Structures are given as structure tokens and as C-alpha cells.
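Derivation of every value follows stated rules applied to the coordinates shown; laboratory data play no part. Given the structure is predicted, the values throughout are model-derived calculations rather than measurements. No Cβ is skipped: glycine too gets one built from the backbone with ideal geometry, and neighbour counts run over all protein chains shown.
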Amino acid sequence: MIESLLVANRGEIARRIIRTAKRLGIRAIAVHSEADAGLPFVTEADEAICVGPANPAQSYRNVEAILAAAKTTGAQAIHPGYGFLSENAEFARTVEASGLIWVGPGADAITAMGDKINARNLMAAAGVPVAPGTTEPAADLDAAVAAAAEIGYPVMVKAAAGGGGMGMGVATDEAALRTEYDKVRAFAERMFGDGSVLLERYFPRVRHVEVQILGLADGRVVALGERECSVQRRNQKLVEESPSPAVSPELRSRFLAAAVRAGEAVGYRNAGTVECLLVPRQRDFQGDGPGSEEFFFLEMNTRLQVEHPVTELVYGVDLVEEQLRVAAGLAPTFDPAALAPRGHAIELRINAEDPKRFLPGPGVVKTWVEPTGEGVRVDSGYVAGNTVTPFYDSLMAKLIVSGATRAEAIDRAKAAVANFELTGPKCNLPFFAELLENEEFLSGDYDTGIVSRMR
């Protein structure tokens with residue numbers, strides 16, 4: 001097993017990785033910005049080193065500073081968490097070229113999946129369903145208009161190099177396409193340094209379902225069930241649950257098989273997620289409940305996901321430990337042939353943002369009392385007295401609940417939300433209290449438009 005691990009991240013995910021590392025007897029090393037010096041992940045690490053000022057480009061995305069910290073502290077491996085450098089293929093290559101162990105998929109897999117058009121084409125070749133769309137970038141507006149006419153409106157206009165719900169727009173006709181194409185292209189060039197744009201069929205009513213995969217050290221790829229991620233604002237997730245209330249056993253087997261094929265197509269190693277769009281079947285006149293007609297590959301996240309804890313609770317595994325074992329060339333702690341879900345888990349992302357418009361609201365944490373009880377887990381990045389700054393993502397903590405059934409998990413979530421005492425920054429806890437009483441959510445028959453319908 002790895003003996004020393006540098007965590008190239010911050011906040012709750014750094015704290016989460018450090019917790020597993022210390023349980024395994026691995027020396028945990030934190031890197032931090034000047035703005036984060038007082039956060040729990042820094043004090044809980046065995047060693048910590050400042051890598052620059054608050055600006056992420058000068059600290060958490062500063063490759064030279066992070067590699068220098070690894071050398072100074074004698075780290076054997078680097079875990080990138082999610083965000084920042086986690087899906088940067090050049091960083092992965094540089095880490096390995098420096099003689100360090102990279103806790104993540106190979107750089108070639110990151111590169112292959114980082115471009116959405118290339119990823120779509122690879123998945124189609126591997127027999128993974130993809131939505132109707134372009135097989136190469138729309139070179140200019142005329143090409144986009146021609147492609148949209150062939151695909152059929154409405155279409156989703158997407159940055160080929162984008163991710164995390166960024167760089168996307170919907171066009172319902174040619175006039176809207178002309179506006180969205182220029183907007184997405186300019187955004188992509190500014191944010192990703194790549195203005196390539198793709199078009200896909202847009203489905204007005206759709207669910208967002210993803211599959212957790214793990215590429216093992218022996219070359220096998222296994223799937224650890226699906227997660228429902230349809231509660232979103234601005235195409236970014238707020239709530240995740242596993243298993244999905246929309247997925248039948250037959251559909252689940254198709255989902256998992258497709259995800260495994262996706263991983264095998266790029267020789268995937270370590271943890272990753274295959275994200276899909278699930279087009280629900282409308283209820284019939286008897287109201288027999290939600291079903292599905294088809295699902296399509298959306299993208300592959302070549303890293304650990306924010307929502308990984310719901311899979312951990314349903315499958316009884318520590319995905320960070322499994323990541324470390326794969327990176328070290330070791331077998332998993334579980335028997336892949338005996339994987340089976342048990343119970344239900346729900347994750348709520350506690351963000352420093354107002355609960356109505358979801359606009360960021362950083363500030364000093366005055367009160368921070370986490371809920372406790374059976375089936376309640378909190379992965380947090382802050383404690384009372386810390387400051388949530390405007391320099392980073394607004395995520396403060398993840399409230400994860402589990403139960404024998406979905407109904408029991410929801411009941412525990414309601415109690416946990418009511419007992420989470422958090423004052424200082426703006427906070428979206430009131431939104432979750434509202435959601436957990438929402439009939440559409442409670443029914444399980446919801447889609448990605450649920451938050452807009454609540455607002």
C-alpha cells in the first residue's frame with residue numbers, strides 16, 4: 001500500500017480523503033492556499049504546506065507548486081480529488097513522469113473522455129447509446145444550423161471541452177441557435193481555451209442518471225450501481241440518491257453493462273462515472289408509474305465524484321480506499337462478483353448560497369452544529385469560526401442519509417436538515433426542507449426540471 005499521500009485539493013473532499021488515508025496508516029499531506037490556512041483539512045493532515053495565495057491558478061491549479069510540495073514532503077502519491085487538476089491529463093502525466101503515483105485514471109483515458117465529441121464517437125463505437133448529435137465540431141454558425149436541421153429542434157449547444165454543467169445552451173429554433181452558438185463558443189474559448197462546439201438532441205423532460213465504475217488493477221472494469229442526479233440548478237447537481245427510483249432491475253442491468261463497456265473502451269483504471277440522460281416514459285392513463293424508453297451517454301467523469309458517498313453507503317465500500325488500492329496495484333477489498341446494493345441513500349449538497357435564487361453568499365461561519373443519528377453522515381469542509389471565501393466553489397458540506405428504504409432515508413433527511421445548525425454564510429438548507437416535502441420528489445417520478453417548477 002502507498003505510504004504517503006499528498007492531497008491536491010481543499011475543503012470537504014480533502015478532509016474526506018485524509019480521513020481514509022489516516023485510517024489506513026498512510027501519512028496524509030495537505031496543500032493549501034493562504035486563504036484556507038485555518039480550515040479543518042489543514043490541521044487534520046499529518047503535514048501541510050502552503051502552495052500560494054487564494055487565487056486557484058496560483059495555488060490549487062499551480063502544478064509547479066504542488067509538485068514542489070510533494071518533493072519537499074517526500075510524498076509517494078498524489079490524489080487530486082475532484083475539480084481543480086483532477087481531470088488535467090498533462091498534470092497526470094507530469095505526476096507520473098516525476099516518479100510519483102497518480103491516484104486516478106491514466107492520462108490517455110482522461111484525454112479521450114475530456115473532449116465530448118471524441119467521447120461520443122468512442123462510446124458509439126463501443127455500443128454505448130448516444131443521443132443524436134454531431135460527430136465533429138460545428139466549424140461555424142452555418143455548419144451548426146445545418147447540423148441542427150438534421151438533428152431536429154430543440155438542440156443542446158455544448159462546449160466540447162466543457163464539464164460540470166458549464167458551457168451549455170438550448171436552442172428551440174434557428175434564431176435561438178444563432179444566439180446560443182456564439183454565446184457558448186465565446187464562453188468555451190474563455191473558460192477552456194477551446195471554442196469547439198457540438199450539438200445534441202435536447203430532451204425537454206429528462207432524468208440525469210449516472211453509473212459508478214471502478215477500473216481494477218487487473219484490468220477488469222466493474223460497476224457499482226447507479227445514482228439519480230436530477231435535482232439540479234443551472235445544470236449543476238444539488239441532490240443525488242441511490243438507487244434511482246426510476247430504474248427497474250432490467251434497466252439497471254442495461255445501464256451497468258453500458259457503463260462497463262464505456263470503461264473498457266478506454267482501458268479505464270481507478271474510479272470514474274458514466275453519466276447518462278434517461279428519457280422517461282410518460283405515465284399511461286392508469287397511472288402505472290414512471291418507466292423509461294431509452295438512455296443516452298452524456299459524458300464520463302474521469303475522477304471521484306462529489307456524490308460518491310451515496311454509492312459507498314449502498315454498496316458498503318470506501319471508494320477512496322479502493323482508489324488507493326488500484327493505484328498501488330492491489331486487489332479490491334470486495335468480491336466484484338458479489339456486489340449487491342443494500343438500502344437507499346440520499347446526498348444533499350449544503351452550499352453557501354441563498355435558497356431561492358441560489359446565488360453565492362460567503363461569510364464567517366458563526367454556528368456549525370452537524371446533525372447526528374442512525375443513518376446520518378456529514379462530510380464537511382468547515383467548522384464554526386472558519387470563513388467561506390468567494391474564491392472557491394460554494395460547497396460547504398454534504399449531508400448524506402441512508403435507510404432500509406427510500407421512505408426511511410427521506411424521513412432521516414428531514415430530521416437531519418432540521419437539526420443542522422448553520423449560521424453566518426447564506427445557506428440552502430431551507431430549500432432542502434421544502435424539497436423533502438415536495439410531492440413530485442416524494443413520488444420519485446421527477447426530472448431535471450423539478451427545481452425550476454418549485455421556483
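Show that you can apply the helix-only estimate: for the chain, add -39,500 (n - 2.57) for every DSSP H stretch of four or more residues, divide by all residues, and state [θ] at 222 nm to the nearest 500.
That calculation yields -10000 deg cm²/dmol at 222 nm.
Skipping prolines and chain starts, which residues have an amide H placed within reach, meaning under 5 Å, of the one on ILE49, given they are 5 or more residues away or on another chain?
Counting only residues 5 or more places away or on other chains, the set is ALA30, VAL31, HIS32.
If I stretch the segment between ARG254 and ASP108 completely, what's the gain in nm (0.36 nm per residue apart, minus their alpha carbon distance), one decimal?
Extra length from ARG254 to ASP108 when fully extended: 49.9 nm.
Kirkwood hydrodynamic radius, computed over distinct alpha-carbon pairs, for the stretch 132-201: how many Å, to one decimal? Can you show the working numbers first?
Numbers: mean 1/r = 0.0877 Å⁻¹.
So the Kirkwood estimate lands at 11.4 Å.
Run through the DSSP bridge list for the chain and note the antiparallel percent, rounded to the nearest 5.
80
As a quick test, which of the pairs LYS237/LYS414; LYS71/LYS116; LYS22/LYS71; LYS356/LYS398; LYS183/LYS414 have an alpha carbon distance above 30 angstrom in this structure?
Details: LYS237/LYS414 19 Å; LYS71/LYS116 34 Å; LYS22/LYS71 20 Å; LYS356/LYS398 19 Å; LYS183/LYS414 40 Å.
From LYS237/LYS414; LYS71/LYS116; LYS22/LYS71; LYS356/LYS398; LYS183/LYS414, over 30 Å: LYS71/LYS116; LYS183/LYS414.
Quick check: pseudo-label points 7 Å beyond the Cα along Cα→Cβ at ARG178 and ALA97, how many nm apart are they?
Reported label-point gap for ARG178 and ALA97 is 4.6 nm.
Please compute the contact order of the stretch 1-72 in relative form: average sequence separation of alpha-carbon pairs under 8 Å and at least six residues apart, divided by the residue count, as a percent. Can you show the working numbers first?
Details: 123 pairs, mean separation 19.7, N = 72.
Relative contact order for the stretch 1-72 comes out at 27 percent.
By how many nm would the segment from THR389 to THR367 grow when fully extended, if each residue of separation counts as 0.36 nm and the alpha-carbon distance is taken off?
Working: separation 22, 0.36 × 22 = 7.92 nm, distance 1.62 nm.
In short, 6.3 nm is gained.
When the chain is fully extended, how far beyond the present Cα-Cα distance does ALA146 get from ARG234, taking 0.36 nm per residue of separation?
Going from the current span to full extension adds 28.9 nm.
Taking amide H positions as placed 1.01 Å from N in the peptide plane, with prolines and chain starts having none, which residues 5 or more places from VAL170, or on another chain, fall under 5 Å of its amide H?
Here the answer is VAL157, since their amide H atoms fall under 5 Å of that of VAL170.
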